[in-house]
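The structure appears right after this line, and notes come after that.
The values are calculated or read from the model by the stated rules, or taken from the named source; none is laboratory data. Nothing here was measured: the structure is a model prediction, and the numbers come from that model. Cβ atoms come from the backbone with ideal geometry, glycine included; neighbour counts cover every protein chain shown. Side chains included, ligands, DNA and RNA excluded: accessible areas come from the protein's heavy atoms. Shrake-Rupley method; radii C 1.70, N 1.55, O 1.52, S 1.80 Å.
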Amino acid sequence: MVEHSLGPNGGLVYCMDYLEKNIDWLESKLKPLVKDHYLLFDFPGQVELFFLHSNAKNVIFKLMKKMNLRLTVVHLVDAHLCCDPGKYVSALLLSLSTMLHLELPHINVLSKIDLVESYGKLAFNLDFYTDVQDLSYLQYHLDQDPRGEKFRKLTKELCGVIEDYSLVNFTTLDIQVSVLHYCEI
């Protein structure tokens, strides 16, 4: 980053561009692992890697084709976003956009579910947020936020788009339960 005078996001974009141009090198490093291992590609949360640039998608698809990989996306979303209706709608839109853009099997996960109540009380039960039920119920809560007045109509339309696609839902991740379950096995 220092050498090319790049900030954090520019550095990530540069790295993805570099990987795309050097896909043969990446393939040579991964190939010995494919036979007996699962591979986990952990991408940073910077949205611009996936929406403003095609490098990450290109790397993924080139690896799938060259190495005959079968991939699934696990998209982690912090559960605390459920405590703010506007942020929850943004998370839904980001999840839907990721699903459509990457065109891969997709699992959306509300992470840190064990901490969600520490950020504030949920307006609805957890099933509302995981099943992405009728988003019109959010409208009252969105209307209570004076910051969102300017964007009410847009937010309502975005909720309609999310519902029309009917693709987004979430599973939950509670590290405490996962650790306990792992120990029991």
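When only Cα pairs under 8 Å and 6 or more residues apart are kept, what is the percent relative contact order across the chain?
Relative contact order here is 21 percent.
Let me spell out the model: positive unit charges on the Cβ of Lys and Arg, negative unit charges on the Cβ of Asp and Glu, origin at the Cα centre of segment 70-119. What dipole size does that give, in debye rounded to 20?
Value, rounded to 20: 160 debye.
222 nm [θ] for the chain, helices only, -39500 (n - 2.57) per DSSP H run of 4+, per residue, to 500?
It comes out at -16000 deg cm²/dmol, rounded to the nearest 500.
For segment 16-30, take each phi angle, set θ = phi - 60°, evaluate the Karplus expression 6.51 cos²θ - 1.76 cosθ + 1.60, and give the result in whole Hz per residue in order, putting x for glycine and proline.
5, 5, 4, 4, 4, 6, 10, 4, 5, 4, 4, 4, 5, 6, 8
If you take the alpha carbon radius of gyration of segment 39-185 and divide it by 2.2 N^0.38 Å, what ratio comes out, to two decimals?
Dividing the Cα radius of gyration by 2.2 N^0.38 Å gives 1.15.
Within a Cβ distance under 13 Å of C159, other residues only, what is the Lys/Arg minus Asp/Glu net charge?
My count for the surroundings of C159 gives -2.
Leaving ligands, DNA and RNA out of it, rank K153, K62 by accessible area with a 1.4 Å probe, largest first.
Most to least solvent-accessible, the answer reads K153, K62.
If DNA, RNA and ligands are ignored and the probe is 1.4 Å, what is the ranking of R70, R147, R152 by accessible area, most exposed first?
Putting R70, R147, R152 in descending order of accessible area: R70, R147, R152.
How large is the accessible surface per residue of the chain, computed with a 1.4 Å probe and reported in Å² as a whole number?
Accessible surface, normalised per residue, equals 67 Å².
Counting only protein heavy atoms and using a 1.4 Å probe, what share of the accessible area of segment 1-139 belongs to carbon plus sulfur, as a whole percent?
Within segment 1-139, the accessible surface is 57 percent carbon and sulfur.
Looking at segment 1-51, which trypsin sites (Lys or Arg not before Pro) are in a loop (DSSP not H, G, I, E or B) and have at most 15 other Cβ atoms within 10 Å?
K35
Excluding residues on the same chain fewer than 8 positions from K121, give the lysines whose Cα lies under 26 Å from its Cα.
Leaving aside lysines fewer than 8 places away in the same chain, those within reach of K121 are K87, K112, K150, K153, K156.
Which is the longest run of the chain containing none of the GluC sites (Glu not before Pro) found in DSSP loop states (not H, G, I, E, B) with at most 16 other C-beta atoms within 10 Å?
4-102
As a test question: what accessible area, to the nearest 10 Å², does D17 have when a 1.4 Å probe is rolled over all protein chains in place?
Roughly 50 Å² of D17 is accessible to a 1.4 Å probe.
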